[in-house]
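> So that we are looking at the same thing, I have put the structure below in structure tokens.
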Amino acid sequence: MEERSRVPRAQRVTTDTEILYSKIAELHWHVGTVKNVSSSGLLFVGEHAVGLGEPVEMTFVAPAEILDASPQVYCTALIVRTGADPAEDAAVEMGARITHWQRLPVESS
């Protein structure tokens, strides 16, 4: 059997940070929790399911290991995996492949 060459997976960082997510062009945002994140995607949990292949927009604080700081980011992504979260009855676990990152301006006090 021929061995396939694999592209190295982006470093994943485990986290437990809040995320706001919405289907693109929807007005209502939903609250969830990021379980892990990398520069190419994230795994998050929320009570509002988004279907496979659907585009979403999200905002959350990225861990320093991902963006060399801990800025608030806005990103767009495609949902590539969904399933029930074994830890919570009503929650859905969703995997998203990030298509665009954008750092949001730091609010001054």
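The values are calculated or read from the model by the stated rules, or taken from the named source; none is laboratory data. What you see is a predicted model; the values in this text were computed from it and never measured. Here the Cβ positions follow ideal geometry from the backbone for every residue, glycine too, while neighbour counts run over all protein chains shown.
> Anything in segment 23-32 that is more than 20 Å from Pro71 (Cβ to Cβ) and either in a strand (DSSP E or B) or in contact with a strand residue (DSSP E or B) (Cβ under 7 Å, 6 or more places away or on another chain) (or both)? List them, or say none.
Listed by number, the residues that qualify are Lys23, Ile24, His28, His30.
> Here's something else I'd like to know. Mind listing whichever residues of segment 89-102 are charged (D, E, K, R), farther than 13 Å from Ser39 by Cβ and in a strand (DSSP E or B)?
Across segment 89-102, the qualifying residue is only Glu93.
> Could you say which residue among Ser70, Ser109 is modelled with pLDDT under 90 and surrounded by fewer than 11 Cβ atoms within 10 Å (Cβ to Cβ)?
Ser109
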